[in-house]
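Chemist: Mind having a look at this structure? Questions to follow.
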Amino acid sequence: MIPAGTKVPYTITFLEMTEAPEFRAPDLPDGFDLIHAEDAPVWYFLALYRAVGRDWEWQDRLIEPEVDVAKFAEHPKVEIWTLLSKGWPRGFFVLDFRQANVCDLAYFGLVPEAVGRGVGKTLLQRAVTQAWRTGINRLTVNTCTLDHPRALGLYQTMGFRPVRTEEHYRVLSRARLG
């Protein structure tokens with residue numbers, strides 16, 4: 001166990017997809033809905049960000065001034081999609097269309113209670129197919145070694161190719177397995 005407060009190295013892998021995938025958006029499992037959160041306030045984005053990113057050291061948006069986070073989350077070319085079941089969020093993804101001809105899958109993930117229940121791949125397929133629309137010729141995403149250990153492989157299974165890596169350090173906010 002690595003205690004909170006420990007400075008650890010991590011690697012960010014940047015990936016891209018330059019052609020729409022051949023798969024179609026799969027149906028969601030019974031009892032699940034995918035909802036576009038239109039005109040969602042910044043607190044909604046931050047609630048999802050905290051719920052999904054808590055175990056994976058998603059800290060960046062939490063230390064940013066809320067007004068700056070709002071400029072991102074409330075931008076008309078940024079879409080927040082929420083996976084719901086039994087009345088509460090199971091996961092989310094954010095599509096960022098602010099750059100011409102590019103969609104960035106800015107955030108993607110499941111809350112801890114949904115991990116390992118078979119909905120992650122389906123949600124990612126829905127995110128990818130939702131991102132590819134007229135005018136888009138590149139879909140980007142990044143993940144890091146602090147994220148779920150299967151994240152990088154799942155992105156590659158969907159058709160993303162690594163294009164570069166960066167090395168960084170982060171002070172852990174929570175204890176985690178080594």
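Chemist: Excluding ligands and nucleic acids, what accessible area in Å² is computed for His168 using a 1.4 Å probe, to the nearest 10?
Modeler: Rounded to the nearest 10, the figure is 60 Å².
Chemist: Sticking with this one: In what order, largest first, do Glu38, Glu16, Glu166, Glu74 sit by accessible area if the probe radius is 1.4 Å? Walk me through the numbers before you get to the answer.
Modeler: Working: Glu38 135, Glu16 30, Glu166 60, Glu74 95 Å².
Per-residue accessible area, sorted high to low, gives Glu38, Glu74, Glu166, Glu16.
Chemist: Among Leu123, Leu105, Leu62, which one shows the highest mean-square fluctuation when the chain is modelled as a Gaussian network with alpha-carbon springs under 10 Å?
Modeler: So, out of Leu123, Leu105, Leu62, the one fluctuating most is Leu62.
Chemist: Would you check the accessible area of Thr165, probe 1.4 Å, heavy atoms only, in square angstrom rounded to 10?
Modeler: 80 Å²
Chemist: Name the residues of region 153-173 whose amide N is less than 15 Å from a point 7 angstrom out from the Cα of Met1 along the C-beta direction?
Modeler: Under 15 Å, as judged by backbone N against the label point of Met1, lie 173 of region 153-173.
Chemist: Next question, about the same structure. Can you give the FRET efficiency to the nearest 0.05 for Thr134 and Ala47, using r as the Cβ-Cβ distance and R₀ = 35 Å?
Modeler: For R0 = 35 Å, the calculated efficiency reads 0.65.
Chemist: Tell me the accessible surface of Lys7 in square angstrom (1.4 angstrom probe, heavy atoms of protein chains only), to the nearest ten.
Modeler: Counting only protein heavy atoms, Lys7 exposes about 140 Å² to solvent.
Chemist: For the full complex of protein chains and a 1.4 angstrom probe, list Trp56, Trp81, Trp43 by accessible area with the highest value first.
Modeler: Largest accessible area first, the list is Trp43, Trp56, Trp81.
Chemist: Using a 1.4 Å probe and counting only protein heavy atoms, arrange Glu113, Glu19 so the residue with the most accessible area comes first.
Modeler: If we order Glu113, Glu19 from most to least accessible, we get Glu19, Glu113.
Chemist: Follow-up. On a straight-distance basis, which lysines could pair with Lys121 in a cross-link, Cα separation under 24 angstrom, same-chain partners fewer than 8 positions away excluded?
Modeler: Lys86
Chemist: How much mean residue ellipticity at 222 nm does the chain get from its helices, if each DSSP H run of length 4 or more adds -39500 (n - 2.57) and you divide by all residues, to the nearest 500 deg cm²/dmol?
Modeler: Value at 222 nm, helices only: -7000 deg cm²/dmol.
The values are calculated or read from the model by the stated rules, or taken from the named source; none is laboratory data. Everything numeric here is computed off the predicted structure, so don't read it as measured data. Reconstructed Cβ throughout: ideal geometry from the backbone, glycine too, with neighbour counts over all protein chains shown. Accessible surface areas use protein heavy atoms only, side chains included; no ligands, DNA or RNA. Shrake-Rupley method; radii C 1.70, N 1.55, O 1.52, S 1.80 Å.
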